[in-house]
Each structure stands twice: as C-alpha cells, then as structure tokens.
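See structure below.
The values are calculated or read from the model by the stated rules, or taken from the named source; none is laboratory data. Because the structure is predicted, anything quoted here is derived from the model rather than measured. Please note: Cβ atoms are built from the backbone with ideal geometry, for glycine as well, and neighbour counts cover all protein chains shown.
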Amino acid sequence: MDFSLIEDIKRNVNQVIVGKQGVIELVLTAILAEGHVLVEDLPGSGKTLLAKAVARSIGGTFNRIQFTPDLLPSDITGFQFFDMKTGQFHFKRGPVMANVLLADEINRTIPRTQSSLLESMAEFQITVDNQTIPLPKPFFVIATQNPLDMEGTYPLPEAQLDRFLFKISMGYPDPQEELQILERFQKDDPLQRLSSAAEPQQIAEMIQEVKDIWISAELKDYLLNIIRATRNSDLFTVGASTRAALALMRSSQAFAAVKGRDYVLPDDIKYVAPFVLCHRLRLNDRERLKGTSTAEALNGLLAKIPVPVGHPNR
C-alpha cells in the first residue's frame with residue numbers, strides 16, 4: 001500500500017481545514033473501509049467545507065443534498081422520464097451518483113426519504129423502476145444532522161444509523177485555530193485553489209489493499225470480547241451486532257493504514273471503537289436518567305477488557 005499517498009491526501013485537506021486532524025483521519029478511515037460518516041454538530045462548524053475538501057483531494061465528484069421535509073426519494077436517486085420526441089424512457093441521474101455525497105441536515109426530512117439512501121450506502125447501487133444502477137467507485141456519504149432537540153428534526157431510524165460506520169462531532173476550534181481560520185479565509189477561499197492529491201481509481205485500489213492489513217488472531221479475539229461485553233453488560237438494552245463487529249475490524253484495519261502501518265495495534269481498535277459502536281448501542285433508562293452518556297459507558301467497559309500483550313506484527 002502507498003502510505004505516502006494517504007499522507008499527501010491528509011496534507012492536502014489540511015490546506016483548507018485548520019486543525020481537526022483526528023476528524024480528517026476518521027473521514028479517510030471511513031473512505032478506506034468503504035464506510036460512511038454521520039456528523040452531528042451545529043451549523044457553521046465546517047462540515048460542508050470538510051466534505052468538499054476531501055472530495056477534491058481524492059479527485060472525485062461531489063454532490064450535496066439539502067434535506068427538507070418535502071424532499072422525495074426520487075430527488076436523491078433520480079427517476080425515469082418519458083421523452084416525447086424519441087418515444088423512449090430515459091434515466092435522469094440523481095445527486096447520489098457521485099464519489100462524495102454530502103447529505104446535509106439528514107434528520108430534517110421524513111424517515112421514508114431518509115431510508116432511500118439505505119441501498120446506496122449498503123450495496124453501492126440504486127434501484128429505479130426495477131433497474132439496478134451501480135454507483136461510482138469510491139462512493140462515500142458524509143451526512144450531517146442537527147442535535148435532536150432542535151425544532152423540525154426527525155430521529156434517524158436504527159437501520160439508517162447502522163449504515164454509518166462512524167458517528168463523529170467536529171466541535172469548536174480552539175482560540176489559536178479560530179484565529180488561523182480568520183487569517184486563512186480573510187482574502188480568499190483556499191478551497192478554490194485546492195488541487196487533487198489522488199485519483200478515484202487509486203482510492204478504489206487502496207480500499208481493496210486495506211483488507212489485507214494484518215490483524216492477528218489475538219486482536220480478533222480482543223475485538224470480539226468488546227462486542228460481547230456490550231451484549232452482556234446491563235448498561236445497554238441493545239448491544240453491538242455482528243455487522244458492528246465487522247465494521248470495527250474494517251475500520252481498525254483502515255485506521256492502521258491511515259497511520260502508515262500494515263498491521264493493527266490494540267490501540268487502533270480502542271480508538272475507533274466509540275465512533276463505531278456508540279450510535280449502535282442503546283443505553284438503559286437508569287443510566288440515561290443518571291446523565292451517563294453512551295460514550296462514557298462504553299469507555300468504562302473498554303477499560304475492564306484485558307488488552308492482548310505482545311507485538312501484533314506478523
């Protein structure tokens with residue numbers, strides 16, 4: 001695997017995004033693991049800018065969908081229309097046909113429209129009038145949602161949440177970073193002069209190579225111990241599924257690649273676990289009433305699980 005290319009992409013995104021190195025690495029991890037990212041944050045935190053910078057850095061196409069209550073599934077996938085001149089049906093491509101799709105404020109539309117993304121996110125294809133159409137490769141969704149206590153929001157169905165590899169938050173920049181943002185954007189927009197650092201075909205090849213990142217048998221056992229602990233703990237009424245276990249393994253392999261290694265460390269698994277699992281777990285009522293967050297409960301659980309000793313390199 002060309003680890004230098006990953007570093008080039010990170011440096012390229014950093015020309016636009018100030019700080020947020022961890023967020024950038026998680027987004028690249030999701031792309032290499034063929035996953036998608038849900039970002040929960042207030043407006044104005046840089047989510048759209050991040051998606052555009054990543055799309056341009058990997059040389060891919062970018063589309064944005066602004067989710068509203070009246071949005072229809074066909075507004076996302078596209079539709080067949082009848083051409084009176086030719087007497088034939090033609091397919092009008094929807095915005096989902098892109099390498100990077102920004103689903104902005106995804107929880108402002110009804111669940112039926114939210115669910116129209118399920119097939120594309122899980123199977124990398126869409127079906128319109130019984131016709132199956134493959135999506136471009138790579139295909140990556142970065143969705144944003146407002147906090148659920150904001151007016152006009154609909155909670156995402158559990159099936160939809162489960163299709164996101166990570167749920168993350170960008171948060172506010174620190175004072176020094178915010179000053180740097182003001183200075184960087186004072187005269188122009190650095191995104192306008194950002195060039196690509198890779199090509200979509202190179203990303204597609206890396207996605208396949210990530211699957212060969214070494215993860216030892218001991219680390220697979222450690223990973224499964226985490227999954228089983230969420231199922232057996234009385235902290236959660238719903239534990240992690242087998243799909244979550246696969247997501248944790250693939251994201252650990254991809255994160256190792258983003259860090260420039262061809263093998264997984266225990267710390268890789270521990271680091272990505274909250275981003276992979278928290279939105280898939282359901283905290284019990286007692287803990288929620290106590291004010292415990294899902295992340296706090298999971299981190300407490302992780303601290304009790306023995307970590308494999310020894311170097312995991314083959």
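On the basis of being within 17 Å of the chain's Cα centre (by Cα), outside any loop (DSSP other than H, G, I, E, B), of a type in the set (S, T, N, Q) and farther than 30 Å from R112 by Cβ, does T29 make the cut?
yes
Quickly run through the stretch 186-239 and pick out the residues that are closer than 27 Å to G46 by Cβ and in contact with a helix residue (DSSP H, G or I) (Cβ under 8 Å, 6 or more places away or on another chain).
P190, L191, L194, S195, S196, A197, A198, Q202, I203, M206, I207, V210
Would you check if I227 is in the same structural domain as C278 (by TED's automatic domain parsing), in contact (Cβ under 8 Å) with a residue 60 or more places away in the chain and aliphatic (A, V, I, L, M)?
no
Can you name the number of the only condition in (1) in the same structural domain as A55 (by TED's automatic domain parsing); (2) surrounded by 13 or more Cβ atoms within 10 Å (Cβ to Cβ) that P134 fails?
For P134, the exception is condition (2).
So, D149, is that one surrounded by fewer than 19 Cβ atoms within 10 Å (Cβ to Cβ) and either modelled with pLDDT under 90 or closer than 30 Å to T109 by Cβ (or both) or not?
yes
Could you please let me know if S120 is surrounded by 12 or more Cβ atoms within 10 Å (Cβ to Cβ), among the hydroxyl-bearing types (S, T, Y), closer than 27 Å to A257 by Cα and in contact (Cβ under 8 Å) with a residue 12 or more places away in the chain?
Spelling it out, S120 is indeed surrounded by 12 or more Cβ atoms within 10 Å (Cβ to Cβ), among the hydroxyl-bearing types (S, T, Y), closer than 27 Å to A257 by Cα and in contact (Cβ under 8 Å) with a residue 12 or more places away in the chain.
Determine, yes or no, whether V18 is outside any helix (DSSP H, G or I) and in contact (Cβ under 8 Å) with a residue 60 or more places away in the chain.
Criteria met by V18.
Quick check on I269: is it β-branched (V, I, T) and touching a helix residue (DSSP H, G or I) at 6+ places or on another chain (Cβ under 7 Å)?
So I269 fits the description; yes.
Can I142 be described as crowded, with 23+ Cβ neighbours inside 10 Å, at pLDDT 85 or above and out of contact with any Ser or Thr (no Cβ under 7 Å at 6 or more places or on another chain)?
It is true that I142 is crowded, with 23+ Cβ neighbours inside 10 Å, at pLDDT 85 or above and out of contact with any Ser or Thr (no Cβ under 7 Å at 6 or more places or on another chain).
Of the residues L224, L302, L246, which single one is closer than 18 Å to E34 by Cβ and surrounded by fewer than 20 Cβ atoms within 10 Å (Cβ to Cβ)?
L246
For the stretch 264-272, does any single residue satisfy the condition of being out of contact with any strand residue (DSSP E or B) (no Cβ under 8 Å at 6 or more places or on another chain), assigned to a helix (DSSP H, G or I) and closer than 18 Å to D162 by Cβ?
The answer is no, given that none of the residues of the stretch 264-272 is out of contact with any strand residue (DSSP E or B) (no Cβ under 8 Å at 6 or more places or on another chain), assigned to a helix (DSSP H, G or I) and closer than 18 Å to D162 by Cβ.
So, in the stretch 53-80, exactly how many residues are in a helix (DSSP H, G or I) and buried (at least 18 other Cβ atoms within 10 Å of the Cβ)?
8
Kindly check whether there is at least one residue in the stretch 1-12 that is under 30 Å from V128 (Cβ atoms), in contact with a Ser or Thr (Cβ under 8 Å, 6 or more places away or on another chain) and surrounded by 22 or more Cβ atoms within 10 Å (Cβ to Cβ).
No.
Here are the criteria: (1) surrounded by fewer than 17 Cβ atoms within 10 Å (Cβ to Cβ); (2) without any contact (Cβ under 8 Å) to a residue 40 or more places away in the chain; (3) outside any strand (DSSP E or B); (4) not polar (S, T, N, Q). Tell me which single one L42 does not satisfy.
(2)
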